[in-house]
Amino acid sequence: KEVWDSFIKEKPKILVCSGAKRAGKTFVLLLTFLAHVSKYQNMGLSFIIGGATQASIKRNVLNDLELILGKELRLDKSNAVEIFGNRVYCFDGTNADSWKKARGFTSAGAFLNEATALHDSFVKEVISRCSYKGAMVMMDTNPENPMHTVKTDYIDKDGQTLKSGRLNIRSFHFSLFDNNFLDPEYVESIVASTPSGMFTDRDIYGYWVAPEGVIYKDFNKDIHYISSEQLKEKQGRFTKYFAGVDWGYEHPGSIVVIGQDDQGCFYLL
């Protein structure tokens with residue numbers, strides 16, 4: 001109800017639901033997405049559904065949409081379906097070049113399923129494509145590492161407004177206990193059988209926590225990050241620079257630059 005009220009009254013540009021598994025996040029956003037598409041009924045506009053794979057889009061999104069709408073949704077050759085007289089394109093977005101699929105057209109809205117499973121460039125490209133007046137972007141996701149871009153770029157900016165006064169980002173947090181349609185025995189069983197620690201924090205309470213056994217377990221963003229201004233002050237004190245490369249043949253590669261200052265301290269630049 002809180003999500004629906006925000007959709008109707010606040011009309012955020014970006015609406016995010018994150019938290020525990022089986023909490024009802026996807027279903028709630030499917031209702032708001034359909035309501036949003038219906039505002040532009042028979043206008044022939046373009047909308048986007050993004051997911052990890054075409055199979056997951058069918059399983060997590062289209063199957064439920066069919067139940068809600070009471071009709072079969074068949075993808076055409078361009079992986080699009082017609083809903084309320086508009087074309088809804090389905091894009092898989094896990095790879096670094098997935099953003100190219102969403103390039104080149106104007107969208108009036110988007111729904112991104114399991115946003116943390118999508119490549120950051122794809123998420124940002126989809127958002128940039130939603131430039132039609134009144135367009136909205138909706139995302140659902142389970143929690144990941146608290147430094148994931150979905151959290152830092154959107155969830156952590158909950159309440160952000162535009163110069164016009166329009167709400168830009170609204171984020172909602174879900175725990176397993178928020179879904180009062182679940183069988184109480186199922187909830188009891190899941191709670192009892194889920195390992196303590198990270199799994200309980202993420203899967204039951206929907207918290208964004210780092211996995212146990214991380215390499216840098218003492219990392220603290222409040223201590224180990226410095227501002228751009230502080231870095232500029234140290235710029236003349238760096239005595240050495242190093243480059244670190246992880247090729248990542250099957251996954252995105254990573255190249256980092258590290259500087260050592262005259263005090264022997266190292267900074268990831």
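The values are calculated or read from the model by the stated rules, or taken from the named source; none is laboratory data. Keep in mind that this is a model prediction, so the values were computed, not measured. In this analysis, Cβ positions are derived from the backbone assuming ideal geometry, glycine residues included, and neighbour counts consider all displayed protein chains.
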Among the numbered conditions (1) within 25 Å of the chain's Cα centre (by Cα); (2) under 30 Å from K13 (Cα atoms); (3) not aromatic (F, W, Y), tell me where S228 comes up short. (1)
Given (1) more than 10 Å from the chain's Cα centre (by Cα); (2) closer than 22 Å to A52 by Cα; (3) at pLDDT 95 or above, index of the condition D140 fails: (1)
Is there a residue in segment 147-155 that is farther than 20 Å from H173 by Cβ and not assigned by TED's automatic domain parsing to the domain that holds E250? no
Segment 1-25: number of residues that are surrounded by fewer than 21 Cβ atoms within 10 Å (Cβ to Cβ) and more than 25 Å from T200 (Cα to Cα): 9
Being closer than 17 Å to K151 by Cα and either among the aliphatic types (A, V, I, L, M) or not assigned by TED's automatic domain parsing to the domain that holds R87 (or both) is the filter here; which residues of segment 9-39 pass it? I14, L15, V16, A20
Considering segment 149-197 alone, what residues qualify as being out of contact with any Gly (no Cβ under 9 Å at 6 or more places or on another chain), crowded, with 16+ Cβ neighbours inside 10 Å and over 23 Å from E125 (Cα atoms)? V187, I190, T194
Among N79, N86, N42, the single one that is assigned by TED's automatic domain parsing to the domain that holds K124, crowded, with 18+ Cβ neighbours inside 10 Å and over 17 Å from the mean Cα position of the chain (by Cα) is N86
Say we look at segment 102-117 and pick out the residues that are within 23 Å of A35 (Cβ to Cβ) and out of contact with any Ser or Thr (no Cβ under 6 Å at 6 or more places or on another chain); which of these is surrounded by the most Cβ atoms within 10 Å (Cβ to Cβ)? F111
When you check G104 against the structure, is it more than 9 Å from the chain's Cα centre (by Cα), without any contact (Cβ under 8 Å) to a residue 12 or more places away in the chain, in a loop (DSSP other than H, G, I, E, B) and assigned by TED's automatic domain parsing to the domain that holds Q54, yes or no? yes
Residue under evaluation Y267, criteria (1) touching a Ser or Thr at 6+ places or on another chain (Cβ under 7 Å); (2) not in a loop (DSSP other than H, G, I, E, B), criterion not met: (1)
Report the residue count in segment 91-101 for those that are without any contact (Cβ under 8 Å) to a residue 60 or more places away in the chain and assigned to a loop (DSSP other than H, G, I, E, B). 4
Of the residues in segment 44-68, those that are touching a Phe, Trp or Tyr at 6+ places or on another chain (Cβ under 9 Å) and more than 22 Å from D120 (Cβ to Cβ) come to L45, S46, D64, L65, I68
Candidates A80, A23, filtered to the one that is within 20 Å of S131 (Cβ to Cβ) and not β-branched (V, I, T): A80
Determine which single condition F122 fails, assuming it passes every other condition in (1) out of contact with any helix residue (DSSP H, G or I) (no Cβ under 8 Å at 6 or more places or on another chain); (2) in a helix (DSSP H, G or I); (3) assigned by TED's automatic domain parsing to the domain that holds A20; (4) surrounded by 14 or more Cβ atoms within 10 Å (Cβ to Cβ). (1)
Which of the residues belonging to segment 46-67 are touching a strand residue (DSSP E or B) at 6+ places or on another chain (Cβ under 7 Å), of a type in the set (A, V, I, L, M) and surrounded by fewer than 21 Cβ atoms within 10 Å (Cβ to Cβ)? A52
Sort through F7, F33, F27, F47 and tell me the only one that's in contact with an Asp or Glu (Cβ under 7 Å, 6 or more places away or on another chain) and under 21 Å from T141 (Cβ atoms). F27
